[in-house]
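Peer 1: I'd like to ask you about the structure that follows.
What follows is calculated from the coordinates using simple rules that are stated; it is not laboratory data. On a predicted model such as this, the values are computed, not experimentally measured, just so you know. Using ideal geometry, Cβ is built from the backbone for each residue, glycine included, and neighbour counts are taken over all protein chains shown.
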């Protein structure tokens, strides 16, 4: 089913926004949202795997989210849809439909369509058929050959929204010129029903195949939004709901019948039976897609794709995308792999972003390591996350120690710290894998250094003059000093906490010409204690 949104571009051109979810295999949310079910009080199932394709694993200590790969489009980013059976995404562009291979994240083909842009796209996965809303027509593409097999002409100019009901073989299309909605038989490729919306134009369509009700998001002639419910067979209007904002995006949960609406005033739910309206978020959003199995919404917001709780609107995870405000925010979810696509109309470049579900990185190893100067050491930094993170660091390392990125989200600190490199080195370790947010850890590398005494072995004093001599030690942790021996009269030895000591003397004339020897020991628990003989020489003034 497809829900589309249109917002004005900087050039005054209205730009399409769409949300498409393949009906076949529906019910598995993008893995990022599934993993967040713990927030909702439910267990988090792993996303399913397509036969022959990679399996999405939801593990790790980080947060669920998406890694984003962005591809440039030739121009006119429009609707996007995914075939969950083949893993191919189809993006409407100016005069083409670009085909993206999900496994490689590359554009593998460009299918030429009729005049004008591909405003919207819908996929019938069971029939391997793609339908494109374009200028004055709905083009039909064979998914196996990428050939346009039919072009169904419509009486008015731009067909801006499209959705389908595979169970009845019906495609629904809306135009913004004649303000009509048409029903097209997929068997005959002919129009079988038409209804007029009067002065309103539908820019968004969503279908509930369980109830055979079509929902249209309208902008009325007064500029306000509305949602109309129509009978899927006759297109007769069943109900109308008004909104204060304009250009409402729309999707429906077939399991509950709840309709979800986004417009310029917020995000709303509509009860499918009583049509009661509730506002669940004040966020300004474009497209919206609901995943019934996980109770979450995927919405296109200002330069991001967000996953929300479908009951209270709480944001579960967010992924920045390259967008220009809300322009061209088409969104499609592959219900098998959980991959999301978002088309973005940029200020100068149109793009499509592939959002691959994953887990944001976390640094899982300890925040500290200890080496010893003069001895080889090694420490492995580990990280978690899906995909595998790249580990890096910022800060100054001691001489002799290097940082080497490893495999499987690891890195290694290794080397022999140089002499006199003892101390604490404050680093910042980062882990990045493209899933927001990146991880950052404050890391301390401690280099232990055995004690040594760096001050001279002889201290000279003069009689009748008060003087000081500093004993200096080196090492880490800071060494403790101890003095042993008989000090001359009028001398003191004071130890300080910073690894130094002060020998203070005020010798008298009778001490001139004499020498005294004391022992000074430095120790800090690294290696052996060091002892130095200090000779005190007293000279006449």
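Peer 1: Going by C-beta contacts inside 10 Å, put 379, 443 in order with the fewest on the left. Don't skip to the end; give the middle numbers.
Peer 2: Numbers: 379 17, 443 22.
Least crowded to most crowded, the residues run 379, 443.
Peer 1: So what are the three principal axis dimensions of segment 364-448 from its Cα atoms, in whole Å, longest to shortest?
Peer 2: 41, 20, 17
Peer 1: Over the Cα atoms of segment 161-242, each weighted equally, I'd like the Debye log10 I(q)/I(0) at q = 0.23 Å⁻¹, rounded to two decimals.
Peer 2: -1.05
Peer 1: While we're looking at this one, here's another question. Once you have the Cα-Cα distance between residue 94 and residue 156, take 0.36 nm times their residue separation minus that, and quote the gain in nm to one decimal. Intermediate results must be reported in sequence, preceding the final value.
Peer 2: Numbers: separation 62, 0.36 × 62 = 22.32 nm, distance 1.87 nm.
20.4 nm is the gain from fully extending residue 94 to residue 156.
Peer 1: Segment 462-477 to segment 484-541: how many Å between their Cα centroids?
Peer 2: Centre-to-centre distance over Cα atoms comes out at 8 Å.
Peer 1: Moving to a separate point now. When percent of Cα pairs over 43 Å apart is calculated directly from the model, which label among [x] 30; [y] 39; [z] 47 fits?
Peer 2: So the structure-derived entry is [y].
Peer 1: What is segment 386-514's relative contact order, in percent, from Cα pairs under 8 angstrom and six or more apart in sequence?
Peer 2: Numbers: 240 pairs, mean separation 24.3, N = 129.
The normalised contact order for segment 386-514 reaches 19 percent.
Peer 1: For the residue pair residue 540 and residue 244, what label-to-label distance in nm results when each label sits 7 Å from Cα along the Cα-to-beta-carbon direction?
Peer 2: It is 10.4 nm.
Peer 1: Could you rank the peptides 162-169, 248-255 by their average count of other C-beta atoms within 10 Å per residue, with the highest value first? Don't jump to the answer; show the numbers that get you there.
Peer 2: Details: 162-169: 21.4, 248-255: 26.5.
Highest-to-lowest ranking by the protection proxy: 248-255, 162-169.
Peer 1: Distance in nm between label sites at residue 529 and residue 194, each 7 Å beyond Cα in the beta-carbon direction?
Peer 2: Distance between the two pseudo-spin positions: 10.4 nm.
Peer 1: Between residue 486 and residue 407, what FRET efficiency comes out of the Förster formula 1/(1 + (r/R0)^6) with R0 = 56 Å and r the beta carbon distance, rounded to 0.05? Before the final figure, lay out each step's value.
Peer 2: Numbers: r = 63 Å, r/R0 = 1.13.
Given R0 = 56 Å and the Cβ-Cβ separation, E is 0.35.
Peer 1: Principal axis lengths of segment 323-469 from Cα atoms, whole Å, largest first?
Peer 2: 92, 32, 19
Peer 1: Follow-up. If only Cα atoms are counted, what is the Rg of segment 454-539, and what is its Dmax, in Å?
Peer 2: Both quantities, over Cα of segment 454-539: 13.3, 43 Å.
Peer 1: How high is the relative contact order of segment 295-413? Use alpha-carbon pairs under 8 Å, at least six apart in sequence, and give a whole percent.
Peer 2: Numbers: 210 pairs, mean separation 17.1, N = 119.
Relative contact order, segment 295-413: 14 percent.
Peer 1: Can you give the relative contact order of the chain as a percent, counting alpha carbon pairs under 8 Å and 6+ residues apart?
Peer 2: 13
Peer 1: Let me ask something else. Quick one: if you stick a label point 7 Å off each Cα along the C-beta vector at residue 367 and residue 349, how many nm between them?
Peer 2: 3.8
Peer 1: Between segment 229-249 and segment 408-447, what is the separation of their alpha carbon centroids in Å?
Peer 2: 58
Peer 1: Once every DSSP H run of n ≥ 4 in the chain is given -39500 (n - 2.57) and the sum is divided by its residues, what mean residue ellipticity at 222 nm do you get, rounded to the nearest 500 deg cm²/dmol?
Peer 2: On the way: 1 runs with 5 residues, N = 541.
One gets 0 deg cm²/dmol as the mean residue ellipticity at 222 nm.
Peer 1: Another question, if that's okay. How large is the convex hull of the C-alpha atoms of segment 157-205 per residue, in Å³? List each step's numbers first, then the result.
Peer 2: Values: hull volume 3.1 nm³, N = 49.
Hull volume normalised by residue count: 63 Å³.
Peer 1: Something else about it: Between residue 275 and residue 428, what is 0.36 nm times their sequence separation minus the Cα-Cα distance? Round to one decimal in nm.
Peer 2: Working: separation 153, 0.36 × 153 = 55.08 nm, distance 5.36 nm.
Between residue 275 and residue 428, full extension yields 49.7 nm more.
Peer 1: Something else about it: Sort 341, 172 by Cβ crowding within 10 Å, fewest neighbours at the top. Mind showing how you got there, number by number?
Peer 2: Working: 341 24, 172 29.
Fewest-to-most ranking of 341, 172: 341, 172.
Peer 1: For segment 259-300 and segment 175-205, what is the centre-to-centre distance using only Cα atoms, to the nearest Å?
Peer 2: With segment 259-300 and segment 175-205 each reduced to a Cα centre, they are spaced 24 Å.
Peer 1: Kirkwood hydrodynamic radius of segment 103-206 from all distinct Cα pairs, in Å?
Peer 2: On the way: mean 1/r = 0.0721 Å⁻¹.
13.9 Å is the Kirkwood radius here.
Peer 1: Can you tell me the equivalent ellipsoid semi-axes for segment 308-395? Use √(5λ) from the Cα gyration tensor, largest first, whole Å. Display every interim value, and only then the final one.
Peer 2: Values: eigenvalues 312, 60, 31 Å².
Here the semi-axes work out to 39, 17, 12 Å.
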